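Input: a single structure, listed below in structure tokens.
The values are calculated or read from the model by the stated rules, or taken from the named source; none is laboratory data. Because the structure is a prediction, the values reported are computed rather than measured. Positions of Cβ are backbone-derived with ideal geometry, glycine not excepted, and every protein chain shown enters the neighbour counts. Side chains are part of the model used for accessible areas, which takes the heavy atoms of the whole protein and leaves out ligands, DNA and RNA. Shrake-Rupley method; radii C 1.70, N 1.55, O 1.52, S 1.80 Å.
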Amino acid sequence: NPFPAIPTISGQTTICAGQNTTLSVTNSCGTCTYNWSNGMSGQSISVNSEGIYTANATNNCGTSSASNNLTVIVNSLPTTTITPSSATTFCQGNSVTLSASTAISYSWSNNATTQSITISTSGNYSVTVTDANGCSVASSPTTITVNPLPTMSITPSGDTTFCLGGNVMLDAGSGFNSYLWNTTSTNQSISVNSSENYSVTVTNANNCSNSKG
């Protein structure tokens, strides 16, 4: 039996950390066995480590031929963090801008593709960034909590049209942390006896405020 043909190995030679690439002998000698420089055997192997790979083809007479060298490069993954422009817990009507670390491309969990996004609704937001080597990594999620504004109304104790000398109580409702009427009163209820438009701002336990008048 002649020496086996010099084996040629091929495969994807540039991968990202955490990926595998398949290296294969492309000109099999049929009954040959193949032993690789990393200790593996077979016509094809899957590797994820950087290095120079070769294969020896051995026929059934025990004669061998060495392959070409194939260098596999493993690119490290990019790093990414999400930086909020302000607090991630806020009241309805406000927003926060989330910015990802610099990269070539961005894919946010809300389908945005810009480096920064402005958020005004509660949820968990993450981003996958891709670098110049085509390697991608997903960030840890950032939780946004948007607290609703307090729901309130002003309830009069009687008719709001009355004769001079009369009065009416205006009640902003219970359950709020603080009250501020346009009369400067900080009580839940006020007694009024003059013609005017009355309004009140209430603040709840989340420090969110709403006005009514």
Determine, yes or no, whether T80 is surrounded by 13 or more Cβ atoms within 10 Å (Cβ to Cβ) and more than 30 Å from W36 (Cα to Cα). yes
Per-region count, the stretch 107-122, residues more than 12 Å from I82 (Cα to Cα) and over 10 Å from the mean Cα position of the chain (by Cα): 9
Kindly indicate whether any position in the stretch 77-97 is touching a Gly at 6+ places or on another chain (Cβ under 9 Å) and either more than 25 Å from N206 (Cβ to Cβ) or part of a strand (DSSP E or B) (or both). yes
When restricted to G51, G30, G39, G11, the only residue surrounded by 15 or more Cβ atoms within 10 Å (Cβ to Cβ) and on the phi > 0 side of the Ramachandran plot is G11
Against the conditions (1) at pLDDT 95 or above; (2) surrounded by 11 or more Cβ atoms within 10 Å (Cβ to Cβ), where does M152 fall short? Just the number, please. (1)
If the Cβ limit is 8 Å and pairs must be 6+ apart or interchain, which residue in the stretch 118-135 that is free of Cβ contacts under 8 Å to residues at least 40 places away in the same chain pairs with which residue that is in a strand (DSSP E or B) and open to solvent by 70 Å² or more (accessible area, probe 1.4 Å)? G123/T143; N124/T143
